[in-house]
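The structure under discussion appears below in the form of structure tokens.
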Amino acid sequence: MNLEYKYIATTFSGLEEVLENELIELGAENTHILTRAVSFEGDRTIMYRTNMYCRTALQILVELNTGIVNSADDIYDLVMDVIWEKYFRPYDSFCVNAIVNQCPFIDNSLYAALKVKDAIVDQLRDTFGVRPSVDKENPNVMVNVHIYRDKFSLYLNTSGLPLFKRGYKVCAVSSPLNEVLAAGMIYLSGWPKNVPLYDPFCGSGTILIEGAMIAMNVAPGLYRDFFAFQKLKSYNRAVFNEIVEEAKSKIIYDAPPIIGSDISDKAVNYANANIKNAGFSDFIKVEQFAFGDCFPEISDGYIITNPPYGVRTDKENLTDLYKLIGDTFKHHFNGFSCWVISSDKDAVDSIGLHASSKRKLFNGPLECRFLGYRMY
Ligand SMILES: C[S@@+](CC[C@H](N)C(=O)[O-])C[C@H]1O[C@@H](n2cnc3c(N)ncnc32)[C@H](O)[C@@H]1O
């Protein structure tokens, strides 16, 4: 492969290793694990592929330049080092998103974005004789800037909206799981994708849908209407169409039992609407009942679930519920591998079982524990 580009795939804390595995499987070269990201090298097609297939990436970025900065002028110079006509046509619009942390001379991300914008405009006006316009809603080119202390990095965002916005969710309960986190949890659990999967607190059905996508080889990108790379000068429609067709041809129309339940009617309706929109009505079954009241007729499967957190349920009820979870796993799910994600440490302790695996993950800003219990 022609290693002409250096890329960064971003993710959530705790999912870096699963993301690296996904990238390697897709043909990424020279991968390195970073904080909430993995860097890799490859040609242009790997950028299309990673956007299409990666379940645990949030964004795929092309690295344009990096360096040490001690002043706003240093930022301007590092942006000027990039040959922008490689990425822009005359009249292409663009936007700059900046994140600045602990930088001694800039405490305002907007100011950093302005400096970057000025340098791009100055260079392109000299190159093309016309001034490119800024468009925050619908730009042709999306530029990302990260400044951490004195470390500056400049990227081209090839994804646009973060990749957890798959496009299949039409409605959600008040605390839905992020799709990237749900896919990461399924990979971390080691679910072998040919045994039953059950989520007894299924809410809007995120774990069930991500599970069906994994079992049936459905690429998450197939649901997306748009990736930012489709507006870039370098976009090769024919090559991307081939990748789309290849992804469609890999779908397997078969899955093990994938079952959800929830105490709430509304959640069951939401889950069913999302499942239908994702095309899995024939493969996922969801029923309404309280945890422990009924048991699906499955054996030797995986439970992967996201019970209510303390944020919305009072402490005492939560302790009782988590105790019930532990007792039910023990008495009704012998032979299962059971996985629970929760941000409530005390509640998790009330499960009362020995966890064979413990990891720290984040559901948005909430620090969570992801615990595995083998009921053999
Ligand atoms: C944190 S939400 C799950 C969100 C889900 N993972 C998603 O992506 O939408 C917890 C769910 O547990 C359900 N729930 C609360 N108590 C329950 C109980 N005793 N039995 C079954 N479901 C319950 C709630 O209705 C809610 O949908």
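Coordinate-derived values only; no laboratory data. Values in this document were obtained by computation on a predicted structure and should not be read as measured data. For neighbour counting, all protein chains shown are included, and Cβ atoms are generated from backbone atoms with ideal geometry for every residue, glycine included.
Summary table
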read-out: Residue among Val96, Val82, Val100 that is under 24 Å from Ala9 (Cα atoms), touching a strand residue (DSSP E or B) at 6+ places or on another chain (Cβ under 6 Å) and not in a strand (DSSP E or B); value: Val82
read-out: Matching residues, segment 190-206, being touching a Gly at 6+ places or on another chain (Cβ under 8 Å) and within 14 Å of the ligand (Cβ to nearest atom); value: Leu197, Tyr198, Asp199, Pro200, Cys202, Gly205
read-out: Exclusive hit being within 16 Å of the ligand (Cβ to nearest atom) and either surrounded by fewer than 21 Cβ atoms within 10 Å (Cβ to Cβ) or over 24 Å from Pro192 (Cα atoms) (or both), set Phe280, Phe291, Phe333, Phe370; value: Phe291
read-out: Segment 147-186, residues that are more than 12 Å from the ligand (Cβ to nearest atom), over 30 Å from Lys117 (Cα atoms), in contact (Cβ under 8 Å) with a residue 60 or more places away in the chain and surrounded by fewer than 20 Cβ atoms within 10 Å (Cβ to Cβ); value: Val170
read-out: Single residue of Lys345, Lys360, Lys285 found to be away from the ligand (no atom under 15 Å from the Cβ), in contact with a strand residue (DSSP E or B) (Cβ under 9 Å, 6 or more places away or on another chain) and either in contact (Cβ under 8 Å) with a residue 60 or more places away in the chain or not charged (D, E, K, R) (or both); value: Lys360
read-out: Lys233 vs. criteria more than 25 Å from the chain's Cα centre (by Cα), more than 11 Å from the ligand (Cβ to nearest atom) and farther than 29 Å from Gly372 by Cα; value: yes
read-out: Enumeration of residues in segment 11-48 that are under 16 Å from the mean Cα position of the chain (by Cα), surrounded by 24 or more Cβ atoms within 10 Å (Cβ to Cβ) and either among the basic types (Lys, Arg) or part of a strand (DSSP E or B) (or both); value: Val38
